[in-house]
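Below is one structure, written out as structure tokens; comments come after it.
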């Protein structure tokens, strides 16, 4: 951060937390009052990923976070978005799972804590930095675990669809008579 003071960092983190809460509450209120629409179910995960990704890129731009953590966290996001697109093309959505929600929550807590930490750039081994590193490990583990859960569900759905397609093709086809090739 340009000033890297606890007060300045806390204000920036408060803005991030406010935006994170608005992302959460719009979905919660829509579900509670039965106003959930299909487009919102598709766009809401994109909105929270965009929020976290843009903050991670901003932190990278001011040299407050290491490049490889940004690549891992945003890479997971891009991978999941791609998997969702492929799933929709195959005719089934990949719903947000409990572990995906937990991953997003912990990732937002990590980013907020990361923004607040005034000692991060100094490299001191303080309680702030140790907590930050512990949160990073938790975020990375949850990212890997939750993406594995999504992949498992994706593979099961694709295999079931492919199996159904093969069975339909077998029923639709007339018996084939073997013919010798003309050469």
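Assessment of segment 52-72 against the conditions (modelled with pLDDT under 90 and within 13 Å of the chain's Cα centre (by Cα)) yields at least one matching residue.
For segment 92-99, the criterion of a residue being under 16 Å from the mean Cα position of the chain (by Cα) and at pLDDT 85 or above is satisfied by at least one position.
Could you tell me whether any residue of segment 85-100 is in contact with a helix residue (DSSP H, G or I) (Cβ under 7 Å, 6 or more places away or on another chain), without any contact (Cβ under 8 Å) to a residue 12 or more places away in the chain and under 22 Å from residue 18 (Cα atoms)? No, segment 85-100 has no match at all. Among the residues of segment 151-165, those identified as at pLDDT 80 or above and closer than 12 Å to residue 87 by Cα are 151, 153, 154, 155, 156, 157.
The values are calculated or read from the model by the stated rules, or taken from the named source; none is laboratory data. These numbers come from a predicted model, not from an experiment. Methodologically, a virtual Cβ is constructed for each residue, glycine included, from the backbone with ideal geometry; neighbour enumeration extends over all protein chains shown.
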